[in-house]
Structures are given as structure tokens and as C-alpha cells.
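Trainee: Okay, here's the structure, questions in a sec.
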Amino acid sequence: MSTAYGDNTIVQAPFVIRQSAIPEAEWLLEAEQADLHGLLGSLSERSAIKIHYAALPTVNVDATCIGPTVVTILRCLLGAETNMLFHYAESVGDDANKQEREPKEIWILASSLSPPPIASARPSDCGSSEGKGVSRPVESLQNELIVEQDVDSLLRQVDSEDSEERMNALAGLARLGKTDSPEVYDAVARSISDNDARVRGQAVYALSQIENDPNALNDYLQQALHDSELGVRLMAIDAIESDAALLQQALQDKDSSVRDYAASKLQTIMQR
């Protein structure tokens, strides 16, 4: 159960999200043994910013984060090296500074979260003029990766009527890594066509983790690049490792977020 105090606080044991009393620090997040996914969900609700992700572990975290923006809080929580993409509302006038505005949507990129999405169990310093705090996950993804998965249970869950359960199942299958299991492959591949865009995005990430054949993976990424949902297309770009042709194709996308990310990845490939 969550309780709101005034217009600026969400308290949901075991964490609190509220407006900070510290000058130039809009946000304060404190968590103790808090579920990471639930924490991000409440931060999204409180800020009215959609936060998308596909590769975060199911862990409990201890954290104290203070900063002027939600992005600052996310970097404190997940690590300063975490890459994110932002979608901003259209602004009136040319003087709007995106650095001073909150985005409408945030995508936490899977490629920057491997190895572990939350780098370690030691505190991470979020200090700088932008914000400060520490984040201490109870367990790292590295530990989660070596835990034996109940594959049969995950495969059944992929067909659940609950989209959240399907997403969680795909996340679990992704953590298996490269596999030759036809059952796992088929379960993930058919999820590319799920009716829920969040599940499709999770499936794109899962395929990038389990597929041994780059050519077969690229076929699915090509399909994802034509998805109607922006987040799925961004997830596809994130999963492209070296296929310049796919990135060139994405340069024609109708959304600037996709075009810009594709151009950035293409430049990196060309510089290798």
C-alpha cells in the first residue's frame, strides 16, 4: 500500500520518494530492501515520466539518492555509466534547454547494463554538481546469472495471460545466455509478435542474449525495427552489434530518437 503526503511525497514501505528540502535538489529517494522494479514503477508514477527497461534484475536495493532530476536519481540508483535515451515533449520556442527539462519517457538501455545492470554491491557515489547519493543492491546481477533457472516454469509463464508475467519469464530466459534449446528459442521468438509492446521489447532483448546465429537475430531485429511502438524500435537498435545495413535502415525512422541512436551506433561501428 502506498501513502501520499501532500503533492510531493510517495511513501511505500520500504522506500520513500519525495521532494527534497535541499536547495537545487528536486528529488530525494530513500530505499531499504526495496524491490527495484517496484521502485522504478513508483518513481515513474510520481514523476509522470514513463520509464522503460528490459534487462534489470529482480533484486532488492538499499539506496539514498538526491538530485535535481529523475535522470540524476536513476544514475544514482543504477550506476553512472548506465546509458539512457530520452524523449522530450515538443517545446514552444527555440530556447528550451533539454538539460533543464524532464523527458516524457526514458529508456534504460540493455547494452549498458551488461555486465551487471547494477555494477556491484559496493556503494556508488553519485556526487557531482548534478546530484549525490549512494546505491547498494543487496545482490548483483552477476550472482543472479549463476543461479539455476527453472526453465520449464519460465516456458509456461511465457504463455501467461498476464503481460507482466510474460515479461518476467522472458527476462528469466534472457539470463540463460546463449542456448541451443529449441523450446527456449521458440518461446522467445514468438513473443516478438506479442500484443503488448513491453513484452515485444523484452523479447527483442531476450533474443539478443540467447541467439547463437547473428543472421537469424538480425532477421528478428529487422522485424522489430518496423514495430509501431517507439520503445521496441529503440530496443532493436540497442541489440544491433555490427550490422551497419540495419542501422542505415533505422536512419529513415520517423522518430528522431531512433535516428539519433542509430547514427551514434553507426559512427561507433565505422570507427572500429
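Trainee: State which residue pairs qualify: first residue polar (S, T, N, Q) and inside segment 25-36, second residue assigned to a strand (DSSP E or B) in any location, beta carbons under 6 Å apart, and separation of 6 or more residues or different chains.
Mentor: Qualifying pairs under 6 Å: GLN33/ASN60.
Trainee: On the basis of being over 16 Å from GLN223 (Cβ atoms) and either surrounded by 20 or more Cβ atoms within 10 Å (Cβ to Cβ) or touching a residue at least 60 places away in the same chain (Cβ under 8 Å) (or both), does ALA171 make the cut?
Mentor: Spelling it out, ALA171 is indeed over 16 Å from GLN223 (Cβ atoms) and either surrounded by 20 or more Cβ atoms within 10 Å (Cβ to Cβ) or touching a residue at least 60 places away in the same chain (Cβ under 8 Å) (or both).
Trainee: For segment 219-240, give me the residue count where each residue is buried (at least 19 other Cβ atoms within 10 Å of the Cβ) and assigned to a helix (DSSP H, G or I).
Mentor: Looking only at that region, the number is 14.
Trainee: Of everything in segment 183-212 that's open to solvent by 70 Å² or more (accessible area, probe 1.4 Å) and charged (D, E, K, R), which residue is nearest to ALA250 (Cα to Cα)?
Mentor: ARG198
Trainee: Among the listed residues ASP180, ASP152, identify the single one that is more than 27 Å from ALA34 (Cα to Cα), at pLDDT below 90, in a helix (DSSP H, G or I) and not small (Gly, Ala, Ser).
Mentor: Selected residue: ASP152, the only one of ASP180, ASP152 that is more than 27 Å from ALA34 (Cα to Cα), at pLDDT below 90, in a helix (DSSP H, G or I) and not small (Gly, Ala, Ser).
The values are calculated or read from the model by the stated rules, or taken from the named source; none is laboratory data. Just so it is clear, the structure is predicted and the values come from calculations on it, not from any experiment. Glycine gets a Cβ as well: all are built from the backbone with ideal geometry, and neighbour counts include every protein chain shown. What goes into the accessible areas is simple: the full protein's heavy atoms, side chains included, and nothing from ligands, DNA or RNA. Shrake-Rupley method; radii C 1.70, N 1.55, O 1.52, S 1.80 Å.
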